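Have a look at the structure below, then the notes.
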Amino acid sequence: MRIRPISPDLLVTELTGRLADAATRAATSGPARLRVAVDGAPAARPDELAGALVDPLRARGRPVLHVRATDFLRPASLRYELGRTNPDSFYESWVDEAGLRREVLDPAGPGGTGRVLPSLWDADADRASRARYVDLPPGGVVLVSGPLLLGGGLPFDVTVHLELSPAALRRRTEPAQEWALPAFDRYAEEVVPASFADVVVRADDPRHPALVEPGGDG
């Protein structure tokens with residue numbers, strides 16, 4: 001593989017072009033929308049990258065919806081059944097994957113209605129978010145950002161993984177969230193998302209990302 005350093009702005013530009021082209025293909029062959037995972041630990045800032053892609057994609061004529069995995073958490077009674085800081089519970093059952101599939105990924109997929117729910121659960125209030133459905137037309141892009149999104153069978157068309165070295169993960173994780181580190185270690189070992197994601201970005205330093213590309217001697 002080859003490691004290609006890239007500026008944050010150019011990373012957004014390159015991803016925008018790739019996703020816009022993929023959305024065009026999806027619209028002509030489906031018609032369908034493009035379902036994109038922007039996967040990474042909170043320390044890698046997946047929500048930030050997904051948010052940065054919204055306006056450039058719209059400028060390319062693509063309707064875009066950004067969905068955060070943190071808006072599709074399960075109720076606190078289920079998340080905290082084994083305690084508030086249980087890394088195995090965080091890894092296995094915090095995200096309502098069935099709800100994410102039902103309300104976002106299936107409607108945005110081939111044969112779907114395009115009627116997508118931007119959020120399902122307000123974790124702070126611990127109640128339904130009461131969000132309104134959004135109609136995403138064919139050729140649109142739904143960006144789903146958050147941790148632990150890959151390897152569980154969720155139907156994404158394009159997957160972007162923000163990879164952190166173990167040292168960078170620990171250095172950049174907020175102290176209050178360090179209890180979750182074993183979950184990310186487990187994810188790296190069991191799922192190995194960097195081995196199959198469509199786009200892998202090394203994000204140890206947010207000011208100096210790098211794309212991992214096939215070929216070369218890197």
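Ordered from largest to smallest accessible area (heavy atoms of protein chains, 1.4 Å probe), the residues Y133, Y91 come out as Y133, Y91. Less than 5 angstrom separates the built amide H of L136 from those of R115, V116, all sequence-distant by 5 or more or on a different chain. Close amide H partners of V200, meaning residues 5 or more places away or on another chain with modelled amide H under 5 Å apart, are H161, V212. Largest first, the residues T173, T13, T24 sort by 1.4 Å accessible area into T13, T24, T173. In this structure the amide hydrogen of L73, modeled in the peptide plane, comes within under 5 Å of the amide hydrogens of D96, W121, none closer than 5 places in sequence on its chain. As a fraction of the 1.4 Å probe accessible area of the chain, surface on carbon and sulfur atoms comes out at 50 percent. Taking a ≥ b ≥ c as the square roots of the Cα gyration tensor eigenvalues, with a/c under 1.5 meaning rounded and otherwise prolate when a/b beats b/c, else oblate, which class fits segment 108-187? Here segment 108-187 falls in the oblate category. Springs join every pair of Cα atoms under 10 Å in this Gaussian network model of the chain, and among A69, A44, A168 the largest mean-square fluctuation is at A168. Expressed as a whole percent, how much of the Cα-Cα distance distribution for segment 1-101 exceeds 24 Å? For segment 1-101, the share of Cα pairs beyond 24 Å comes to 39 percent.
Taking a ≥ b ≥ c as the square roots of the eigenvalues of the Cα gyration tensor, the chain is oblate, since a/c reaches 1.5 or more and a/b is not larger than b/c.
Each residue of segment 55-60 was assigned a 3J(HN,Hα) from its phi angle through the Karplus curve 6.51 cos²θ - 1.76 cosθ + 1.60 (θ = phi - 60°); the sequence is 5, x, 5, 5, 5, 8 Hz, with glycine and proline shown as x. This model, with +1 at the C-beta of Lys and Arg and -1 at the C-beta of Asp and Glu, gives segment 56-180 a dipole about its Cα centre of some 460 debye.
Modelled label positions at S77 and E174, each set 7 Å beyond Cα in the direction of Cβ, lie 2.7 nm from each other. For the chain, the solvent-accessible area of protein heavy atoms averages 50 Å² per residue (probe radius 1.4 Å; ligands and nucleic acids excluded). Sequence-ordered 3J(HN,Hα) estimates for segment 108-117 from the Karplus curve with 6.51, -1.76 and 1.60 and θ = phi - 60° stand at 8, x, x, x, x, 6, x, 8, 10, 9 Hz, glycine and proline given as x.
The values are calculated or read from the model by the stated rules, or taken from the named source; none is laboratory data. It should be emphasised that the depicted structure is a prediction, and the values quoted were computed from it without experimental measurement. Virtual Cβ from ideal backbone geometry, glycine too; neighbours counted across all protein chains shown. Only protein heavy atoms, including side chains, enter the accessible area calculation; ligands, DNA and RNA are left aside. Shrake-Rupley method; radii C 1.70, N 1.55, O 1.52, S 1.80 Å.
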